[in-house]
Amino acid sequence: MEEAFRAILLGNTAIAVRVGDRVDWGEGMQGGALPSITLQVVSSANQHSMQGPDRLSQSRVQVDVYAASYGDAKVLQRAVLGALDGYRGGSMQGIFHAGSRDGRETGTSEAERPYRVSMDFMTNWSE
């Protein structure tokens with residue numbers, strides 16, 4: 001799932017033109033080039049039928065976009081929403097936006113305080 005999810009983002013022109021290949025699982029930006037995207041699985045569970053586990057799973061994936069300005073973070077957020085919300089294809093049975101929140105990182109200077117928009121996506125996928 002992780003590889004396919006990242007590939008959807010990197011394959012979207014509106015995202016790739018802004019972040020290049022700076023879409024990573026579990027790695028914070030920590031002084032890296034902006035804008036960037038960090039991905040994290042918040043929760044994951046296999047689905048079951050009366051016969052036991054099936055090949056379907058559901059994961060809540062948090063997508064954090066980081067940018068030097070609030071406006072740039074919102075533009076990137078809209079590109080991510082356009083790429084992911086309602087997506088179906090390959091092993092992805094459906095990706096659905098579950099909520100967003102805006103914020104700013106803590107730091108000792110303005111340069112160390114990028115803007116962040118966090119989005120949660122319920123991701124249904126098959127193995």
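The values are calculated or read from the model by the stated rules, or taken from the named source; none is laboratory data. Note that the structure is a prediction, hence the values are computed from the model and not measured. All Cβ positions, glycine included, derive from the backbone under ideal geometry; neighbour counts span all protein chains shown.
Which of the following residues is touching a Lys or Arg at 6+ places or on another chain (Cβ under 7 Å), surrounded by fewer than 18 Cβ atoms within 10 Å (Cβ to Cβ) and of a type in the set (Gly, Ala, Ser): SER100, SER43, SER36? On inspection, the qualifying residue turns out to be SER43.
Among what's in region 9-64 and is in a helix (DSSP H, G or I) and either at pLDDT below 80 or closer than 16 Å to VAL117 by Cα (or both), pick the residue that is nearest to the chain's Cα centre (by Cα). Applying the filter and picking the extreme gives LEU9. Quick check, is ARG6 in a helix (DSSP H, G or I), within 21 Å of ASN124 (Cβ to Cβ) and at pLDDT 95 or above? Judged against the criteria, ARG6 is a match.
Residue count for region 76-110 under the criterion of being in a helix (DSSP H, G or I) and farther than 26 Å from GLU3 by Cβ: the result is 1. State which residue is modelled with the lowest pLDDT when the search covers only region 103-127 and only residues that are small (Gly, Ala, Ser) and out of contact with any strand residue (DSSP E or B) (no Cβ under 7 Å at 6 or more places or on another chain). Of everything passing the filter in region 103-127, ALA111 is modelled with the lowest pLDDT.
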